[in-house]
Amino acid sequence: MGRVALSAWLQPRYRKNAYLFIYYLIQFCGHSWIFTNMTVRFFSFGKDSMVDTFYAIGLVMRLCQSISLLELLHIYVGIESNHLLPRFLQLTERIIILFVVITSQEEVQEKYVVCVLFIFWNLLDMVRYTYNMLSVIGISYAVLTWLSQTLWMLIYPLCVLAEAFAIYQSLPYFESFGTYSTKLPFDVSIYFPYVLKIYLMMLFIDMYFTYSYLYSERRDILGIFPVKKKKM
């Protein structure tokens, strides 16, 4: 029996599932730690905890978001069965907001919107990674499935609004400090606030595309519109 179990474990499908389970577990632990830390800090210090949210948990948040880029590789090589473009758009939104907008401007890090964003992101990811982690090992709960396919309908648009507001609040600092603005050869200049304003418009276009895809996926998984068989 031991040799049979070992032989089954060495099969590619089991190795893939084991890898995905560990990956989802690490992400779940990371996002759960962030959310728990934020909750405890809020009940301990009140609104004052929102000001230094980034200083308290920013490192772990950046680590979790950096690791999440592996999901693009998972989809590309076929380990995960999701579509590449929608996931790419979701990850790009977070990477740009977290690393470009928030991390580069210390003044933005103290804004309440950072705390709000982290709450939204972690709520979505805790549910999503829990669902994915259990799905890999063949465990399914109707309530968890429904929650993972429904929570985003409210939270994701709020995330985009919070991301847009973070960009809006960061513009004066990018204009004052000239961060990422540079002059290229042949008298060509890149004024980064203009780049952010363009991206701000693209953010809502991406939201429409991603929302449409996620809703289609929800309909397929939950079977919202089942085909009724005709009575003979």
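Counting every alpha-carbon pair across the stretch 74-117, the share separated by more than 13 Å comes to 63%.
When the dipole is taken about the Cα centre of the stretch 45-160, and only Lys, Arg (+1) and Asp, Glu (-1) are charged at their Cβ, what size is it in debye, to the nearest 20? If you can, show how the numbers build up before the last one.
Details: 6 positive and 9 negative charges, 54 e Å.
With Lys and Arg at +1 and Asp and Glu at -1, about 260 debye.
All Cα-Cα distances of the stretch 1-135, cut into 10 Å bins from zero to the largest, leave 11, 37, 29, 15, 6, 2, 0 percent in each bin in turn. Probing with 1.4 Å while keeping every protein chain in the model, the per residue accessible area of the chain equals 60 Å².
Mind checking the dipole of the chain: about its Cα centre, +1 per Lys or Arg Cβ, -1 per Asp or Glu Cβ, Debye to the nearest 20? Could the numbers behind the result be given before it?
Numbers: 19 positive and 15 negative charges, 290 e Å.
For the chain, the charge dipole is close to 1400 debye.
Using a Gaussian network model of the chain in which every pair of alpha carbons under 10 angstrom is joined by a spring, one finds that among Ala18, Ala142, Ala162 the greatest mean-square fluctuation is at Ala142. When Glu163, Glu106 are compared by accessible area of protein heavy atoms, the largest-first order is Glu106, Glu163, using a 1.4 Å probe.
Using a 1.4 Å probe on the protein heavy atoms, what percent of the accessible area of the chain belongs to carbon and sulfur? Intermediate values should be presented prior to the final figure.
Working: 9590 of 13880 Å².
On the chain, the fraction of accessible area on carbon and sulfur atoms equals 69 percent.
Here the stretch 92-223 is described by how far its Cα atoms reach on the three principal axes: 58, 30, 24 Å, from widest to narrowest.
How many Å³ per residue does the convex hull of the Cα positions in the chain occupy? Provide the component values of the computation, followed by the final result.
Numbers: hull volume 45.8 nm³, N = 232.
Here the figure is 197 Å³ per residue.
Put simply, the C-alpha atoms of the stretch 141-210 give a gyration tensor, and the ellipsoid matching it has half-axes of 36, 13, 9 Å, longest first. A Cβ-based charge dipole, computed about the Cα centre of the stretch 117-232 with Lys and Arg at +1 and Asp and Glu at -1, lands at about 860 debye.
When the chain is treated as a GNM with alpha-carbon contacts under 10 Å, the residue of Pro157, Pro193, Pro185 showing the greatest mean-square fluctuation is Pro185. For the chain, the longest principal axis of the Cα atoms and the long axis of helix 192-222 meet at an angle of about 20 degrees. Farthest towards the positive end of the charge dipole of the chain, among the residues Gly46, Thr150, Leu85, is the Cα of Thr150, using unit charges on the Cβ of Lys, Arg, Asp and Glu. Using a probe of 1.4 Å, the accessible surface attributed to Cys29 totals some 70 Å² when neighbouring protein chains are kept in position.
Sequence gap at least 6, Cα distance under 8 Å: using those rules, report the relative contact order of the chain to the nearest whole percent.
Computed over the chain, the figure is 21 percent.
Only helices enter this figure: runs of n ≥ 4 DSSP H residues, each worth -39500 (n - 2.57), summed and divided by the residues of the chain, yield -25000 deg cm²/dmol at 222 nm to the nearest 500. Relative to its Kirkwood radius, the Cα radius of gyration of the stretch 27-90 gives an Rg/Rh of 1.14.
The values are calculated or read from the model by the stated rules, or taken from the named source; none is laboratory data. The shown structure was predicted, so the numbers you read here are calculated from the model rather than taken from an experiment. A quick note on method: Cβ atoms are made from the backbone with ideal geometry, for glycine too, and the neighbour counts reach across all protein chains shown. Quick note on the areas: whole protein, heavy atoms, side chains included, nothing else; ligands and nucleic acids left out. Shrake-Rupley method; radii C 1.70, N 1.55, O 1.52, S 1.80 Å.
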